[in-house]
Amino acid sequence: MRLYIRSAACISPQNTFGDVGFLTDVVEHTGNRLKTINPDYTKYIDAKLARRMSHVIKMGVATAKQCLADAGVQMPGAIITGTAFGCMEDTVTFLTRIVELDEEMLPPTAFIQSTHNTVAAQIALMLKCHNYNNTFVHKGISFESALFDAMMLLNEGEANDVLVGGAEEMVDTSFKVLTRLAFYKRWPISNLNLYNTPSKGTIGGEGAAFFLITDKPSPGNLAELKGIKTFYGKFDNQQIENRIIGFFEEQNINIANLHLVITGKNGDTKNDEVYKQLSISLFKNKTLANYKHLCGEYSTSSSFALWLASNIVKTGALPTVVMEADAQHQSPKMVLIYNHYQNMYHSLMLIAACSC
């Protein structure tokens, strides 16, 4: 069965949401943490409700509603989200109040909204959607797991279209903890200069991206989702290369037809070693692109990469800001996304221009 991305919406540290150009106005951040550029949420959420929503909930609801509006769909056949840390802001608030109030007379709102499935639940409540609703919490492949579930629903005929998204927020508490664990750089750096100064650590990020996945061909579709694969564990470069080759064999696609590879390089020397090796072996003659200098590193950043790839094959435009070197193909028609999170959670997503 052929599956398509009908529409996509993304909130990120760049101007990616709403009626804006495709990465035509790139925003430079200086620091070690990228924060999202937030739209006017009252256009998507009642102001009274918005005041009680945490940052990640508002991002998720707004991108979901924009995604549906772009597709001209009012009610999705299913809602599936992926997140590693869920509503971190509400979780921190609840735990802080436990200490401050000595475990007595705790207000329940923060606890109710701290669960990982809150984003999917809020979307369903606002749409009055009683269809399939699920959330995957699989750390670095949470978004990919949500995509897998959507693909299975469509293959089994359980839904005509599926709203799939990945969302993650960065709060001060988690940022401080991860910085102490040397996950992020300890000095300010320009995100646009991230790959020119490789060193230990990366830059933090956050964001939300939602997609409407369908099995119906249409000239309005953004892209075709050819395949997806995940694998877990520590692997050497040859093992990873073999898995990528095996992925193309499973899809019955010649890797020679691949035009663009989007990698998960994040500026950390150890993290980027596998991408460096692949660039001189399996992907030696391929156009290479990166994305984490635009959105930062977070568990579901691959959703930003999928948004990027979908727009590249739809518009035929390859933004200079994501290119690693001069492009071999100016208008890529087949794109591979290879990302790993902490050298343990690996994922491959293959996107192609629609032939419908």
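The values are calculated or read from the model by the stated rules, or taken from the named source; none is laboratory data. Bear in mind that the values here come from a model prediction, so they are computed numbers and not experimental data. Cβ sites come from the backbone with ideal geometry, for glycine too, and all protein chains shown count toward neighbours.
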Quick check on this structure: which one of I253, I244, I312 is within 19 Å of the chain's Cα centre (by Cα) and on the phi < 0 side of the Ramachandran plot?
I312
Looking at N221, N266, can you tell me which residue is touching a residue at least 60 places away in the same chain (Cβ under 8 Å), surrounded by 20 or more Cβ atoms within 10 Å (Cβ to Cβ), assigned to a loop (DSSP other than H, G, I, E, B) and out of contact with any Cys (no Cβ under 7 Å at 6 or more places or on another chain)?
N266
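Which of the residues belonging to the stretch 1-29 are out of contact with any helix residue (DSSP H, G or I) (no Cβ under 8 Å at 6 or more places or on another chain) and either farther than 16 Å from T63 by Cβ or surrounded by 23 or more Cβ atoms within 10 Å (Cβ to Cβ) (or both)? It would help to see each step written out before you state the result.
We begin by selecting, within the stretch 1-29, every residue out of contact with any helix residue (DSSP H, G or I) (no Cβ under 8 Å at 6 or more places or on another chain); these are 2, 4, 15, 19-21, 24-25, 27.
Once the filter is applied, which keeps residues that are out of contact with any helix residue (DSSP H, G or I) (no Cβ under 8 Å at 6 or more places or on another chain) and either farther than 16 Å from T63 by Cβ or surrounded by 23 or more Cβ atoms within 10 Å (Cβ to Cβ) (or both), the stretch 1-29 yields R2, Y4, G21, T24, D25, V27.
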Does any residue in the stretch 47-74 that is acidic (D, E) come within less than 6 Å, Cβ to Cβ, of a residue that is surrounded by 21 or more Cβ atoms within 10 Å (Cβ to Cβ) six or more places away or on a different chain, and which pairs are these?
D70/S7
In a strand (DSSP E or B), within 29 Å of V321 (Cα to Cα) and hydrophobic (A, V, I, L, M, F, W, C): does that describe C67?
no
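Give the stretch 76-118 a look and list any residue that's of a type in the set (G, A, S) and either outside the structural domain of N134 (by TED's automatic domain parsing) or closer than 27 Å to E297 by Cα (or both), or say none.
Residues of the stretch 76-118 that are of a type in the set (G, A, S), as a first pass: 77-78, 82, 84, 86, 110, 114.
Across the stretch 76-118, the qualifying residues are G82, A84, G86, A110, S114.
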Of residues in the stretch 224-241 being in contact (Cβ under 8 Å) with a residue 12 or more places away in the chain and in a loop (DSSP other than H, G, I, E, B), the one nearest to the chain's Cα centre (by Cα):
G233
I need the full set of residues from the stretch 309-356 which are of a type in the set (V, I, T) and touching a residue at least 24 places away in the same chain (Cβ under 8 Å), in order please.
I312, V313, T315, V321, V322, V335, I337, I351
Taking the stretch 42-68 and the residues there that are under 22 Å from F85 (Cα atoms) and among the hydroxyl-bearing types (S, T, Y), the one that is surrounded by the fewest Cβ atoms within 10 Å (Cβ to Cβ) would be S54
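Restricting to the stretch 102-158, give me the number of residues that are on the phi < 0 side of the Ramachandran plot and part of a helix (DSSP H, G or I). Give the steps one after another, and end with the answer.
Step one: list which residues in the stretch 102-158 are on the phi < 0 side of the Ramachandran plot, which gives 104, 106-127, 129-138, 140-156, 158.
Remaining after also requiring part of a helix (DSSP H, G or I): 109-112, 118-127, 140-155.
Selection size over the stretch 102-158: 30.
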